[in-house]
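Colleague: Structure incoming, see below.
The values are calculated or read from the model by the stated rules, or taken from the named source; none is laboratory data. Not measured: the values here are computed from a predicted model. Counting neighbours? That spans all protein chains shown, and the Cβs are built from the backbone with ideal geometry, glycine included.
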Amino acid sequence: MADTAEVGTSPAHRSGHRRPRLDLTGPSLLGLPVAALVVFFVVPIAIVGAYSVDALSIRSGPHPVTLTAWRDLFTGDPFLGHVYLKLFWKSVTISLIVSAVIVALAYPLAYYLALSGTKRKYVLLLLLIAPFLTSYLLRVLAWKVLLGDQGPINSLLSTMGLQSSDHPLHLIYSRFAVMLVLGYIWLPFVALPIFVSLESLDRRLLEAASDLGASRLYTFSRVTLPLSIPGVFAAFLFVFIPTLGEFVTPSLVGGTDGYMYGNQIVDLFGTGFPDWRTGAVLALFLLGVVAVLTLVFARFLQPSQVAAD
Amino acid sequence: MRDGEDLLERRVSRQELVKLAAVAGGAGLLAGRTSVAGAALSRLGAESGNLRVLDWAGYGYDGGQAMFAAYVKKYPKNKPKFTVMANEADALSKFQAGVNWDLFRPYVGWVKYFAESGLVQPWDTKLIPNFKHLNPIMVKAGQYKGKQYGIPEDWGFDAILYRTDKVKPKARSWGLLFDDRYKGKIAWYDDGSTMLPMTGLYLGFKDPWNQTDAQLKKAQKFLISKKHLVRTIWSSETALWEAFGSGDLWIAYAWPNDWVQMKKKGLPVVYMMPKERALSWIGMFMLLKGTPRPNLAHAYVDAWSSAVSGKWLEDNYGYGHANLLARPSSSDLLRALKIDNPKAVGSSIAYIDRDIPRRDLYAKVWEGVKSA
């Protein structure tokens, strides 16, 4: 008599049902990426978290765990008040303005590329991305030359009599310069997701709208725009999140006026007298805000949601 | 010993090597090292490998080669290997991951901090022949509790650079950096350890390096109230030259070489020593504890301290050099550095940067100024 305990000869097996084998495909495929994510993302964040509460410290000597730095951020510090939260808000407004403006500028660009039916659409797309292929620093330096007090723009304005040459516009080393350069650098990034979502529009919907008597404007506002919203949101987040923590562009063209939250984090870690604790708190605060924003906006990125309306 | 030979250079022949190995091996069997075995071991274990130097940009193979050329000539097998430190805070951050260098260069205000930190050890000045030529005031500034922790090398002033064709100062004073008439044309320097004492000097504080909480708050409030006049707070000299040279700035907190460079560009500029006194800075080589190459480090510092290196530094980088025999070719620089007055660095003209007991608070207050 067969041993019913053995898998190969159990009644279930003999009747044709197989006991499911452990499927290791998923875990083995995901294993390496997850491990990499844990090692290079989760662990460093945990280390930064440890610095933020003094569990780890750059100072020698005893350092008991304390939430002082976190408390000071929210309730204000005797010397600094709420300066870091105010700086964060300043960076948020800069990023919001930059993101909104370049999404508004990129949309018509992407629209033309995707829906105009031009045969050279991919060539034009390549032209749009071409500045990417050059050095970031070179492009920023070019702006430094253009925006200088004695640069071409100010010279033109003074030649045209719009501005006295003794009192040029202070374009470079300002908040304006930061926004201009950030917008210029990120524009190609922003055009792409919008282009993709417009490209993937079902053209038959547009035809149908037209057949039903809708004007082009009506079709745009009731069909095209709503269907491209996921792409627009993706584009907006795509530029908003990185610019929020920007520090390179502000350090090159921002001067005192264009100083941003990311600059403060860099300074706390690397200048004066290192204060890794406060730097860690500021960095984690930024991470937290971005994580919350991403979760909140994630639902807007589901195209199926929009199409079902 | 033969001429020109010293312990480090002596080639060990194969026979000697075998002899030494036998002696060392024998010594290893004994409970302690005898002086013979000790000498043998130390010769076998003579300092080797590259000298690891943590130094500021421009002092390594990125332009500073002439400063240590004599060392490389003498010790070609122990060429220096450089890591850049952006500033002392950066060095401290790097030490977090381990002290992987033999020597580094903080500036004079940090001598006490590092001497007390346990990270460094004093130099043996007998191993630095050029030491006797170094400015005694600067040498003293590198001492702590009677030991020579810092060997002075490069130095300069912090004062005010301005364009005479655009700017008419009301007085020979730090106040020019806060002058409402020149909004958007002023540059400050990105370091709370010098900007806050300078502000303290301007506001008349008795001891600007030891300000009380109330004084710091007053200085901070004052700086924030004047920040709208400031176009940029510079940390890299080349960025300063770019902005000043292109006419975006007319007034700057600056070093003597910045004046020399702007003059070279043909700008009508003056380097003004304010009546409240300028500040002076001195680069100090410090020897890291536990280095396996102390003798090589001394030799490197000696190369840096020579009059030849000093003159090169003055002629090419526009910094002063602590060696009193080093004189620059440029009469402009000679004047700006007051080379003919070796006491200028710490006299009625300037205050030498010094230890700030509450440096971390000064840094925090300064970050608050920048973020406001």
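Colleague: Scanning for something aliphatic (A, V, I, L, M) and surrounded by fewer than 19 Cβ atoms within 10 Å (Cβ to Cβ), does the range B:140-156 turn up at least one residue?
Modeller: No, there is no match, as no residue in the range B:140-156 is aliphatic (A, V, I, L, M) and surrounded by fewer than 19 Cβ atoms within 10 Å (Cβ to Cβ).
Colleague: Consider A:VAL145 carefully, then state whether it is under 23 Å from A:SER251 (Cβ atoms) and either among the aliphatic types (A, V, I, L, M) or crowded, with 19+ Cβ neighbours inside 10 Å (or both).
Modeller: Judged against the criteria, A:VAL145 is a match.
Colleague: Can you tell me which residue among B:ALA344, B:ALA336, B:ALA350 is over 30 Å from B:ASN78 (Cβ atoms), touching a Pro at 6+ places or on another chain (Cβ under 6 Å) and away from chain A (no Cβ under 14 Å)?
Modeller: B:ALA336
Colleague: Follow-up question, since we're still on this one. Show me the helices (runs of 4 or more DSSP H) entirely contained within the range A:193-273 in which 2 or more residues are under 29 Å from B:LYS370 (Cβ atoms), within 14 Å of another protein chain (Cβ to nearest Cβ) and without any contact (Cβ under 8 Å) to a residue 24 or more places away in the chain.
Modeller: Ranges flagged: A:261-270.
Colleague: Let me ask something else. Of the residues B:ASP124, B:ASP179, which is among the acidic types (Asp, Glu), in contact with a strand residue (DSSP E or B) (Cβ under 9 Å, 6 or more places away or on another chain), modelled with pLDDT of 95 or more and within 25 Å of B:GLY64 (Cβ to Cβ)?
Modeller: B:ASP124
Colleague: Right, another one. Please go through the range B:208-233 and pick out each residue that is over 22 Å from B:ARG277 (Cβ atoms), more than 9 Å from chain A (Cβ to nearest Cβ) and either crowded, with 23+ Cβ neighbours inside 10 Å or touching a residue at least 60 places away in the same chain (Cβ under 8 Å) (or both).
Modeller: B:ILE224
Colleague: Would you confirm whether any residue within the range A:240-249 is within 30 Å of B:LEU249 (Cβ to Cβ) and in contact with a Phe, Trp or Tyr (Cβ under 6 Å, 6 or more places away or on another chain)?
Modeller: No, there is no match, as no residue in the range A:240-249 is within 30 Å of B:LEU249 (Cβ to Cβ) and in contact with a Phe, Trp or Tyr (Cβ under 6 Å, 6 or more places away or on another chain).
Colleague: Quick one: would you say A:LEU127 is of a type in the set (A, V, I, L, M), surrounded by fewer than 18 Cβ atoms within 10 Å (Cβ to Cβ), modelled with pLDDT of 90 or more and over 21 Å from A:GLY258 (Cβ atoms)?
Modeller: So A:LEU127 fails the test.
Colleague: Of the residues in the range A:60-96, how many are over 30 Å from B:SER117 (Cα atoms) and in contact (Cβ under 8 Å) with a residue 40 or more places away in the chain?
Modeller: Residues meeting the conditions: 9.
Colleague: Additional query: When you check B:LYS94 against the structure, is it surrounded by fewer than 17 Cβ atoms within 10 Å (Cβ to Cβ), in the same structural domain as B:LYS289 (by TED's automatic domain parsing) and assigned to a helix (DSSP H, G or I), yes or no?
Modeller: For B:LYS94, the condition - surrounded by fewer than 17 Cβ atoms within 10 Å (Cβ to Cβ), in the same structural domain as B:LYS289 (by TED's automatic domain parsing) and assigned to a helix (DSSP H, G or I) - is not met.
Colleague: Criterion first (closer than 19 Å to B:ASP190 by Cβ, surrounded by 17 or more Cβ atoms within 10 Å (Cβ to Cβ) and away from chain A (no Cβ under 13 Å)) does B:GLU242 satisfy it?
Modeller: no
Colleague: When residues of the range A:184-228 are filtered for being touching a helix residue (DSSP H, G or I) at 6+ places or on another chain (Cβ under 6 Å), small (Gly, Ala, Ser) and within 29 Å of A:PHE240 (Cα to Cα), how many remain?
Modeller: Residues meeting the conditions: 3.
Colleague: If you take the residues in the range B:336-355 that are modelled with pLDDT under 85 and outside any loop (DSSP other than H, G, I, E, B), which one is nearest to the chain's Cα centre (by Cα)?
Modeller: Filtering first and then ranking leaves B:VAL345.
Colleague: Considering only the range A:141-174, state which residues are at the interface with chain B (Cβ under 9 Å from one of its Cβ atoms) and of a type in the set (Gly, Ala, Ser).
Modeller: Answer for the range A:141-174, where residues must be at the interface with chain B (Cβ under 9 Å from one of its Cβ atoms) and of a type in the set (Gly, Ala, Ser): A:GLY148, A:GLY151, A:SER174.
Colleague: Residues in the range A:124-133: is at least one touching a residue at least 24 places away in the same chain (Cβ under 8 Å) and either touching a strand residue (DSSP E or B) at 6+ places or on another chain (Cβ under 7 Å) or within 14 Å of chain B (Cβ to nearest Cβ) (or both)?
Modeller: No, the range A:124-133 has no match at all.
Colleague: Here are B:LYS289, B:LYS311: which of them is under 30 Å from B:LYS73 (Cα atoms) and within 14 Å of chain A (Cβ to nearest Cβ)?
Modeller: Within the list B:LYS289, B:LYS311, the selection yields B:LYS289.
Colleague: Among (1) within 11 Å of chain A (Cβ to nearest Cβ); (2) under 23 Å from B:VAL269 (Cα atoms), there is one condition B:SER193 misses while meeting the rest; what is its number?
Modeller: Single failed check for B:SER193: (2).
Colleague: Could you tell me whether any residue of the range B:156-168 is under 28 Å from the mean Cα position of the chain (by Cα) and part of a loop (DSSP other than H, G, I, E, B)?
Modeller: Checking the range B:156-168: not a single residue is under 28 Å from the mean Cα position of the chain (by Cα) and part of a loop (DSSP other than H, G, I, E, B).
Colleague: In the range B:62-91, which residue that is part of a helix (DSSP H, G or I) and within 14 Å of chain A (Cβ to nearest Cβ) is surrounded by the fewest Cβ atoms within 10 Å (Cβ to Cβ)?
Modeller: B:ASP90
Colleague: Does B:GLY98 qualify as being within 14 Å of chain A (Cβ to nearest Cβ) and under 18 Å from the mean Cα position of the chain (by Cα)?
Modeller: no
Colleague: Residues of the range B:137-155 being over 19 Å from B:ILE349 (Cβ atoms) and either in a strand (DSSP E or B) or not assigned by TED's automatic domain parsing to the domain that holds B:ASP315 (or both), which ones?
Modeller: B:GLN143, B:TYR144, B:LYS147, B:GLN148, B:ILE151, B:GLU153
Colleague: Could you name every one of the strands (runs of 3 or more DSSP E) located completely within the range B:236-335 that has at least 3 residues being over 30 Å from B:ARG52 (Cα atoms)?
Modeller: By residue number, B:251-254, B:269-272.
Colleague: Is it the case that the range B:206-222 has a residue that's touching a helix residue (DSSP H, G or I) at 6+ places or on another chain (Cβ under 6 Å), under 22 Å from B:ALA336 (Cβ atoms) and outside the structural domain of B:ASN135 (by TED's automatic domain parsing)?
Modeller: no
Colleague: Here are the criteria: (1) more than 14 Å from chain B (Cβ to nearest Cβ); (2) modelled with pLDDT of 85 or more; (3) under 19 Å from the mean Cα position of the chain (by Cα). Tell me which single one A:LEU87 does not satisfy.
Modeller: Among (1) more than 14 Å from chain B (Cβ to nearest Cβ); (2) modelled with pLDDT of 85 or more; (3) under 19 Å from the mean Cα position of the chain (by Cα), the lone unmet condition for A:LEU87 is (1).
Colleague: Regarding the range A:207-221, can at least one residue be identified that is closer than 16 Å to A:SER116 by Cα and either within 19 Å of the chain's Cα centre (by Cα) or acidic (Asp, Glu) (or both)?
Modeller: yes
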